[in-house]
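Participant: One structure, pasted below without further comment.
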Amino acid sequence: MKGLIQRVTQARVEIQGECVGEIQQGLLLLLGIERDDTQESADKLLHKILNYRVFPDQAQRMNLSLAHTGFGLLIVSQFTLVAETDRGLRPGFSKGASPEQGEALYNYFRQQAQALHSPVASGRFGADMQVHLINDGPVTFLLQSA
C-alpha cells in the first residue's frame, strides 16, 4: 500500500462539481492499493500517516504529526499511484488491486482513520474526482506500508 501525503493549508475533492470532502490545514492523502495489500497493510500505513511528523513546531522543525495537531486528513483513492513505470512509455497496472479488493481496503482504511482521528474527509472510490489543494511548503512524502 502506498500513500502520497501532501501537507496542505486546505484541500477538497469534487465529483461533478459537488464537494464531497474537504479539510482545512492538514494532510491530503493519495492512497494506492496493490493486490498483495491486506487490512494489516492498511493499519500499518494509517499508523504511519497519523504519526508522521511533517508539521512545524515552535522552532519551525518538522516535529508534529496529525496526532499532535488535530489537523484534517483528506483521503483520495489513487489507482495510478501503484503503476509500474520502470519500463517503456506506458504505465502498467498489474500490481494494482482488483476493483473489489481496492474498494474494500479503501473503505476499511477510511473507517479506521475515522475511528482514530478527526476530522477525516474522503473522496469516492472509483469516481472521476477533481482534487483542489494548496500545498503548504510544498511538503510531499511517499509512504509505504511495507
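Bear in mind these aren't lab numbers, they're just calculated from the coordinates by the rules spelled out. It should be emphasised that the depicted structure is a prediction, and the values quoted were computed from it without experimental measurement. Counting neighbours? That spans all protein chains shown, and the Cβs are built from the backbone with ideal geometry, glycine included.
Participant: Mind checking which of 57, 37, 86 has the largest fluctuation in a GNM of the chain, springs on alpha carbons under 10 Å?
Facilitator: 86
Participant: Students often get this wrong: which residues of the stretch 1-38 have the backbone nitrogen under 11 Å from the point 7 angstrom along Cα-to-C-beta of residue 127?
Facilitator: Backbone N within reach: 13-22.
Participant: With springs connecting C-alpha atoms under 10 Å apart, model the chain as a Gaussian network and identify which of 32, 70, 21 has the largest mean-square fluctuation.
Facilitator: Sorting by GNM fluctuation, first place goes to 70.
Participant: To the nearest 10 degrees, how steep is helix 99-116 against the longest Cα principal axis of the chain, on a 0 to 90 scale?
Facilitator: Rounded to the nearest ten degrees, it is 20.
Participant: Between residue 140 and residue 80, what length comes free when the chain is fully extended (0.36 nm per residue of separation minus the Cα-Cα distance, one decimal in nm)? Present the calculation step by step, with values, prior to reporting the outcome.
Facilitator: Values: separation 60, 0.36 × 60 = 21.60 nm, distance 1.69 nm.
Full extension from residue 140 to residue 80 adds 19.9 nm.
Participant: Specify the angular offset, from 0 to 90 degrees and rounded to the nearest 10, of the alpha carbon long axis of helix 39-51 from the longest principal axis of the alpha carbons in the chain.
Facilitator: Once rounded, the angle reads 30 degrees.
Participant: Let me ask something else about it. Taking the chain as a Gaussian network, where each spring joins two C-alpha atoms under 10 Å apart, which residue of 61, 87, 124 fluctuates the most?
Facilitator: Between 61, 87, 124, it is 87 that shows the largest mean-square fluctuation.
Participant: Work out the FRET efficiency for residue 47 and residue 100 from their Cβ-Cβ distance, taking R0 = 25 Å, and round it to the nearest 0.05.
Facilitator: For residue 47 and residue 100, the calculated efficiency is 0.50.
Participant: Report P(r) for the stretch 2-144: all Cα-Cα distances, bin width 10 Å, range 0 to the bin holding the largest distance, values in whole percent.
Facilitator: P(r) for the stretch 2-144, in whole percents per bin: 12, 42, 34, 10, 1.
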